[in-house]
Every structure is written in C-alpha cells, then in structure tokens.
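Trainee: The structure's right below; bear with me while I get my questions together.
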Amino acid sequence: MYRIESARIIAGVTRIVRDVGIAEELAQDALVAALEQWPGSGIPDRPGAWLMATAKHRAIDLVRRRETYARKLAEVGRTLEDVPPPAEPADPQDIDDDLLRLIFTACHPVLSTEARVALTLRLMGGLTTQEIARAFLVTEPTVAQRITRAKRALAAAAVPFEVPYGADREARLASVLEVIYLIFNEGYAATSGEDLLRPALCEDALRLARVLAGLMPAEGEVHGLAALLEFQASRTAARTGPDGEPVLLADQNRTRWNRLLIRRGVEALRHAGTGPYSVQAAIAACHAAAVRYEDTDWATIAALYGRLVLLVPSPVVELNRAVAVSMAEGPEAALPLVDALTEEPSLRSYHLLPSVRGDLLERLGRPAEARLEFERAAGLTRNEQERTLLRNRASRLQGRP
C-alpha cells in the first residue's frame, strides 16, 4: 500500500517543504508512525489519506520549527514589496498536480540520465535502493550515491517544484518521456546479465506512462509513449522460452500475447500525436494486428520507419528500417542499407548490427559469412541469453559453405 501511495505523499509534502529529499524522509516517517500505531488502533478506512495527513502535519511542524511566524511574515512582506507579481502563465491549460510536479522535478535536465532514472524509480516507482541496484546490475552504494547526489543537485540548483509551461514544458516533457522509455527498455531487453527480461521494470515504466497520460490528457506524445509500452509489454510472456532463452518474433506463440494490453494500446494510440513515440507505437500496432507473423504488414512498417528517420535521424532507426525493408522487399534490398551502416562509429559495438547482417546473409544463401557475423555479435552483447542465442545460430551454420 505504501509503494502505491508513496509518490503522491512525497509530491504533496514537497509542495510544503520544497525539497524532495526532505519530503521523502517525512513520508517515511509517516510510514514508521503507521507501523507503530496501526497494530493497536487498527488500519484506518482510508490508509493513504492517513499517511498523507500525517506526513503533511510533520512537514508543517518542520517549517514552524525552522522559521518563526514573525520571520515568515516578514519575508512574505518583503517579497510582496520588492518583487512584482508573477506574470500569468503563457499556457492557458496550465497543469496543477503535485504528482506531475514531482516527475518533472525528478527528471530535471540538471541531473544526469542515470540520476534521473534512479530518482524517478525511487520517488515515483517506490523502488528501494536494493531493487534499483538489482534491476540495473550496479551496486547498492552506487545507486544510493546517485540518488543522494540528485537530491543535492536539485536543492543546490533551487529547481522549482512546478510543471513548466510554454516552450519549457515541451523541452522538459521530452526528458520525462525519455526516462520512462529508458526504464521500460532496460526491463524489456536487459543490456547485461543472465536474464533477457526484467518484468518489474517494464511494469514500473508502464505504470508511470499511464499516470502521465492521465495527468496530461492533451499531450499526444504522452499517449504515444503509453501506447508503445502497452503494445511492447503485451508480448512479454511470449518473448522467452521455459529456460529464459529468447524467442524471436517470428517464432513467438501469439496466443500468449496479452490481448488486454493490446486493446489498451489501441485506445492510447487513438489519442497519440505525430511524434517519435507515436510513430513507434503505430509500428508496434502493425505487429499486434497480425494474427500470424506471415500476416505482418511490412510495407507499412517500412514506411513508418522512414517517417521515424525524418523525426529522429539515428543509425539504430536506419537499422530497424533495413529489417523492415528486408521483410517487405527481400534481403537483397536491405543488405546495401545495412552495409552502409558498418562504418558508423556509434554502431561499432552494437551487437544488433552484425546480428541483422548475419540474418540477411543467411537468407541470401551465404552461410559462411553469416556465421562470422553471428559470432561477432555474440562477442559484443553483454546479455548471456542473447549471447547463447547468437552462438547457437552460428553453430547451426558451421561447416556450410
């Protein structure tokens, strides 16, 4: 119950104390109070409201202890005399929600990407330091240090507890969406370790995307991200075999795809915009609509990747487009596109480049070359399950000319 309520409690308290670090401590103090009192008094009818009220009372007491009423009134008086009233918000649909303020604060660009991810999972996802460390395969002290430094950085930069509006909101929203996307991707295809999937991370990211979509119903890209994650999450159960080994898209049992999540994705897509996440959601929708792998509308997927390349020029997007082209027009049409990416510096250690090239070469009847590519890809990946899959594909081609 505390994990569900903690983000809202921290957000409500931060409005009072204007410091997410202190707010988190006060929320935890409220939890301690509940653990001490509820065994004797019983669980209240509205436990979340009890925790919120307790934390807010402690926050008010803290403010009172730190500054007397007289000093506070004096400061307010000086502020009113010396500072002109703030201008009206440029955005007529200015948003007033503490949870939204909290996620915009946790994802502030003053923090590094790693710090944003850790702080968001801690404050919004309710994860412990140990859970975050286990999810990203780093040590607990490393995660604790990131979170502590992030809180200090926010306090030192005097980051306001607010939802920006106008041009600032668009810039900051991109950071928020990126953090949620990164959290989901790490759960969907772990960069390292023994497991391909980390479902808990996918669930946390999906929950954050749903919360954000509910809080910002007019933002098309928010719905686009939510739709994308719903579609991707729908395939989770079919992506691994009994021993955790990866199952390629072509071999997945589509009856195991979660139809409820697909329906949620379709609904979110109706409210999506035209940005990168919305286009990726449209691509995922094409896969979800295909009853069989052979029914996939690869021509539409290739066209959508072409649109995505224009929105976010990226070698990785180009590689994905080449895969779609290979399915729509044949491997001979895609191989030149992949070969053109082999000199791209950012892809030199990207294991999916030789993996895709090996697949194309195998389909073109060039097994010896394909085997070398699969072996190279296996040497680049840090995920044990992916490495095993690639080595198996290479071994099946052993001895073939």
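Trainee: Under unit Cβ charges (Lys, Arg +1; Asp, Glu -1), what dipole magnitude, rounded to 20 debye, does region 205-304 have relative to its Cα centre?
Mentor: Numbers: 11 positive and 10 negative charges, 73 e Å.
Here the size comes out at about 360 debye.
Trainee: Can you divide the C-alpha Rg of region 335-401 by 2.2 N^0.38 Å and report the result to two decimal places? Before the final figure, lay out the partial values.
Mentor: Values: Rg = 11.4 Å, N = 67, 2.2 N^0.38 = 10.9 Å.
In units of the globular-protein estimate, region 335-401 measures up at 1.04.
Trainee: Do the sum for the chain: with -39,500 (n - 2.57) for every DSSP H run of n ≥ 4, divided by all residues, what is the mean residue ellipticity at 222 nm, to the nearest 500 deg cm²/dmol? Intermediate values should be presented prior to the final figure.
Mentor: On the way: 19 runs with 273 residues, N = 401.
Calculated mean residue ellipticity at 222 nm is -22000 deg cm²/dmol.
Trainee: May I ask you to rank Cys107, Cys286 by accessible area, largest first, using a 1.4 Å probe over the protein chains only?
Mentor: Values: Cys107 0, Cys286 25 Å².
From most accessible down to least: Cys286, Cys107.
Trainee: Would you please put 323-331, 224-232, 238-246 in order of how densely packed they are, using the mean number of other Cβ atoms within 10 angstrom per residue and starting with the highest? Walk me through the intermediate numbers first.
Mentor: Details: 323-331: 18.9, 224-232: 28.1, 238-246: 13.1.
Highest-to-lowest ranking by the protection proxy: 224-232, 323-331, 238-246.
Trainee: Then there is this: For a protection proxy built on the mean count of beta-carbon atoms within 10 angstrom, sort 200-210, 33-43, 163-173 highest first, please. Each step should come with its number before you reach the end.
Mentor: Working: 200-210: 21.1, 33-43: 11.5, 163-173: 16.0.
Highest to lowest by the protection proxy: 200-210, 163-173, 33-43.
Trainee: Further, regarding this structure: Using the basic label-point model (7 angstrom from Cα toward the beta carbon), what is the Glu203 to Ala299 distance in nanometres?
Mentor: 4.2 nm
Trainee: Given Cα pairs under 8 Å that are at least 6 residues apart, what percent is the relative contact order of the chain?
Mentor: Details: 541 pairs, mean separation 43.0, N = 401.
Relative contact order here is 11 percent.
Trainee: Output the 0 to 90 degree angle, nearest 10, between the alpha-carbon long axis of helix 259-270 and the longest principal axis computed from the alpha carbons of the chain.
Mentor: With both axes taken from Cα atoms, the answer is about 70 degrees.
Trainee: I would also like to ask the following. If I model a spin label at Ala368 and Glu245 as a point 7 Å from the Cα along the Cα→Cβ vector, what separation in nanometres do I get?
Mentor: For Ala368 paired with Glu245, the spin-label model returns 2.8 nm.
Trainee: Amide H of Thr240 versus every other amide H placed in the peptide plane: which residues, excluding those fewer than 5 positions away on the same chain, fall under 5 Å?
Mentor: Val247
Trainee: So with the 1.4 Å probe, I'd like the accessible area per residue for region 234-273, rounded to whole Å². Please list the in-between numbers first.
Mentor: Working: 2370 Å² over 40 residues.
So region 234-273 comes to 59 Å² accessible per residue, rounded to a whole number.
Trainee: Per residue of region 213-227, what does 6.51 cos²θ - 1.76 cosθ + 1.60 with θ = phi - 60° give for ³J(HN,Hα)? Whole Hz please, x for Gly and Pro, Karplus curve as stated.
Mentor: After applying 6.51 cos²θ - 1.76 cosθ + 1.60, I find 5, x, 7, 10, x, 8, 8, x, 5, 5, 5, x, 5, 4, 4 Hz.
Trainee: In degrees, nearest 10, range 0 to 90: what is the angle between the Cα axis of helix 47-66 and the longest Cα principal axis of the chain?
Mentor: The angle comes out near 60 degrees.
Trainee: Next up: Can you give me the distance in nm between label points at Ala157 and Asp97, each placed 7 Å from the Cα along the Cα-to-Cβ direction?
Mentor: If labels sit at Ala157 and Asp97, their model points lie 2.3 nm apart.
Trainee: Given [x] 24.1, 102; [y] 24.7, 88; [z] 27.9, 98 as candidate values of Rg and Dmax of the Cα atoms in Å, which corresponds to the one derived from the coordinates?
Mentor: Step by step, Rg and Dmax of the Cα atoms in Å for this structure corresponds to label [y].
Trainee: Considering the options Phe231, Ile60, Ser355, tell which one lies farthest towards the positive end of the dipole of the chain, charges being +1 on Lys and Arg and -1 on Asp and Glu at the Cβ, about the Cα centre.
Mentor: Ile60
Trainee: With +1 on each Lys and Arg Cβ and -1 on each Asp and Glu Cβ, how big is the dipole of the chain about its Cα centre, in debye rounded to the nearest 20?
Mentor: On the way: 49 positive and 53 negative charges, 138 e Å.
The calculated dipole for the chain is roughly 660 debye.
Trainee: Roll a 1.4 angstrom probe over the protein heavy atoms and tell me the percent of accessible area of the chain that is carbon or sulfur. Don't skip to the answer; put the middle values down first.
Mentor: Numbers: 10800 of 20450 Å².
Taking all protein chains in place, the chain shows 53 percent carbon and sulfur surface.
Trainee: By how many nm would the segment from Glu332 to Thr148 lengthen if fully extended, with 0.36 nm per residue of separation less the alpha-carbon distance?
Mentor: Values: separation 184, 0.36 × 184 = 66.24 nm, distance 5.24 nm.
Full-extension gain reported as 61.0 nm.
Trainee: Which order do Ile132, Ile4 take by accessible area at a 1.4 Å probe, largest first? Kindly include the intermediate steps, with their values, before the conclusion.
Mentor: Details: Ile132 5, Ile4 130 Å².
From most accessible down to least: Ile4, Ile132.
Trainee: What ranking do 343-355, 17-29 get when scored by the average of other Cβ atoms within 10 Å per residue, highest first? It would help to have the intermediate numbers written out before the result.
Mentor: Numbers: 343-355: 15.5, 17-29: 20.2.
Peptide ranking by packing, descending: 17-29, 343-355.
Trainee: Something else about it: Placing +1 on the Cβ of each Lys and Arg and -1 on the Cβ of each Asp and Glu in region 117-245, which of Thr240, Leu206, Tyr165 has its Cα farthest towards the positive end of the resulting dipole?
Mentor: Of the options given, the answer is Tyr165.
Trainee: Rounded to the nearest 0.05, what FRET efficiency is calculated for Ser395 and Val138 with R0 set to 30 Å and r the Cβ-Cβ distance? Could you put the intermediate results ahead of the total?
Mentor: Details: r = 33 Å, r/R0 = 1.09.
Here the calculated transfer efficiency is 0.40.
Trainee: Placing +1 at every Lys and Arg Cβ and -1 at every Asp and Glu Cβ, with all other atoms neutral, what dipole size does region 267-362 have around its Cα centre, in debye to the nearest 20? Numbers along the way, then the final one.
Mentor: Values: 6 positive and 12 negative charges, 73 e Å.
My answer is approximately 360 debye.
The values are calculated or read from the model by the stated rules, or taken from the named source; none is laboratory data. Remember, predicted model here, so these are calculated numbers, not experimental data. Ideal geometry is used to build each Cβ from the backbone, glycine not excepted, and the neighbour counts take in all protein chains shown. Side chains are part of the model used for accessible areas, which takes the heavy atoms of the whole protein and leaves out ligands, DNA and RNA. Shrake-Rupley method; radii C 1.70, N 1.55, O 1.52, S 1.80 Å.
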